[in-house]
Amino acid sequence: MRSITAFTALTFDCYGTLIDWERGILDALAWWRRRTGLRVTDDELLEAFGRAEAQAERETPFRLYPEILEAALARMAAGWSVRLDADDARAFGESVGRWPPFPDTASALEYLKAHYKLVVVSNVDHASFAETGRQLGVAFDLVVTAQDVGSYKPDPRTFEYALEKIRRTLGVEAPEILHTAQSLFHDIVPATALGLATCWIDRRRGRPGAGATPAIPGGDRIRPDFEAGSLAELVAMHREEIARGGRR
C-alpha cells in the first residue's frame, strides 16, 4: 500500500465529509416534522432522504442541487402521505449553504493545505457551495460541482470531468490523487472503479444504518486504500507517517 504522504492532491466530497449534512438535514426539516406531526425516527428520515435524493439525481441530473432537495422532499412527503407546501420545499432546498461543518473540518483542512493541493468534487451547485465555502475557512485549489458536469455522483462522468480539469489546471495526474469521502455509494465505489486511490472517512463509525447515504449491497466487503473515522484521524495518520520518515 502507498503511503498517505505520497499523494499530491486530495479530492474531497463535501457534504457528509466536510459538512455534517445529516445534522443540517435534520435541523432544516425540524419545523416541517413538527408541523405535519410526522412520526419517524431521525434515522428513518435520513434513510428515506438518501433514497429519494439518489433517485432525483439519477432521473433529473440537469437540475441544480436545491431543486434536487425539493424533489427529494416531495418524494418523502408523498411516501408518508403528509402535506408539503411549495414554500416548505423551497426552504429546504435553500438550506444547504447553512449546513454546519464537522467540528474537526476547518483545522484539518488548514493542516492538509500545507501538504496537498485541495480539490472539492461535490454534488452541489455554485451558489450553494459559495455559502458553504465561507464556513470552511480554506481556499481550495479547485472546486468541481454537479452544475459544472451536468451529472451527479456516482455517475462516473463527474469524476472523469474532475480528473481532466485537475490535470489541465493543476498539473496533477490521477495516480497522484487520493479521493477522500464519506459515501461509499457516491464516491468510494465509483472512484475505485476509475482506478483512483481512496480514503474512506467513516463519519458514522459505530452507528447502525447508512443514514443519508444509500446503502450498498456488500458494502462491508469494500476495501478503500485508507480508512479514518474523521478528518482529525486522517491528520493524525499523516503526522504519524511523517514521523516515520514519510514525505512532507
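Bear in mind that the values in this text are calculations on the coordinates, not laboratory data. In this text the structure is predicted, and so the values were computed from the model without any measurement. Ideal geometry is used to build each Cβ from the backbone, glycine not excepted, and the neighbour counts take in all protein chains shown.
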Discussion item. Loop only by DSSP, 15 or fewer other Cβ within 10 Å of the Cβ. Give me the trypsin sites (Lys or Arg not before Pro) in the stretch 17-85 that pass, ordered by residue number.
Written reply: 39, 83
Item to complete: Give a residue-ordered list of calculated ³J(HN,Hα) values for the stretch 152-157 (Karplus: 6.51 cos²θ - 1.76 cosθ + 1.60, θ = phi - 60°; whole Hz; x for Gly, Pro).
Response: 10, 4, x, 4, x, 4
Practice prompt. Starting from the amide H of residue 137, placed 1.01 Å from N in the peptide plane, find each other amide H under 5 Å away whose residue is 5 or more places distant or on another chain.
Written response: none
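Percent antiparallel among DSSP beta bridges with both residues in the chain, to the nearest 5?
Values: 1 of 21 bridges.
Around 5 percent of the beta bridges assigned by DSSP in the chain are antiparallel ones.
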Worksheet entry | In degrees, nearest ten, helix 42-59 long axis to first principal axis of the chain (Cα) | 80
Discussion item. Testing the spin-label approximation: label points 7 Å from Cα along Cα→Cβ at residue 33 and residue 85. State their distance in nm.
Written reply: 2.0
Worksheet item: Shape of the stretch 162-248 from its Cα gyration tensor (a ≥ b ≥ c, root eigenvalues): rounded if a/c is under 1.5, otherwise prolate when a/b > b/c, or oblate?
Response: oblate
Fill in: Candidate aspartates and glutamates - alpha carbon under 16 Å from residue 117, same-chain residues fewer than 8 apart omitted
13, 141, 164, 173, 176
Item to complete: Could you go through the stretch 97-102 in sequence order and give the Karplus-derived ³J(HN,Hα) for each residue, using 6.51 cos²θ - 1.76 cosθ + 1.60 with θ = phi - 60°, rounded to whole Hz, and x for Gly and Pro?
Response: x, 9, 4, x, x, 5
Worksheet item: Given H placed on each backbone N at 1.01 Å, which residues far from residue 198 in sequence or on other chains put an amide H within less than 5 Å of it?
Response: 179, 225, 226
Worksheet entry | Burial ordering of 115, 186, 126, fewest other beta-carbon atoms within 10 Å first | 126, 115, 186
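For a quick check: sort 230, 122 by the number of other beta carbons within 10 angstrom, fewest at the front.
Values: 230 19, 122 32.
Exposure proxy ranking, most exposed first: 230, 122.
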Item to complete: Could you check the simple spin-label distance between residue 239 and residue 107, using points 7 Å along Cα→Cβ, in nm with one decimal?
Response: 0.9
Worksheet, complete the sentence: Length gained, residue 130-residue 3, 0.36 nm per residue minus C-alpha separation, equals 42.4 nm
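With n ≥ 4 as the cut-off for DSSP H runs, can you work out [θ] at 222 nm for the chain, using -39500 (n - 2.57) per run divided by the number of residues, rounded to the nearest 500? Mind showing how you got there, number by number?
On the way: 10 runs with 115 residues, N = 248.
Calculated at 222 nm, the ellipticity per residue is -14000 deg cm²/dmol.
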Practice prompt. Hand me the chymotrypsin sites (Phe, Trp or Tyr not before Pro) from the stretch 58-139 located in a DSSP loop with no more than 14 other Cβ atoms within 10 Å, in residue order please.
Written response: 62
Worksheet item: Around residue 19, which amide H atoms from residues at least 5 apart in sequence, or from another chain, sit under 5 Å from its own amide H, with H modelled in the peptide plane?
Response: 102
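Using a ≥ b ≥ c from the Cα gyration tensor of the stretch 21-98 (square roots of the eigenvalues), is it rounded, prolate or oblate, where a/c under 1.5 gives rounded and otherwise the larger of a/b and b/c decides, a/b for prolate?
Numbers: a/c = 1.44, a/b = 1.34, b/c = 1.07.
The shape class here is rounded.
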Practice prompt. Relative to the longest principal axis of the C-alpha atoms of the chain, give the angle of the C-alpha long axis of helix 126-136, reported between 0 and 90° and rounded to the nearest 10°.
Written response: 60
Discussion item. Is the C-alpha gyration tensor of the stretch 145-199 telling us rounded, prolate or oblate? Criteria: a/c under 1.5 is rounded; beyond that, a/b larger than b/c is prolate, otherwise oblate.
Written reply: oblate
Worksheet item: Using the Karplus equation 6.51 cos²θ - 1.76 cosθ + 1.60 (θ = phi - 60°), what ³J(HN,Hα) coupling, rounded to whole Hz, does each residue of the stretch 61-70 give in order, writing x for Gly and Pro?
Response: x, 7, 7, 6, 4, x, 5, 4, 4, 4
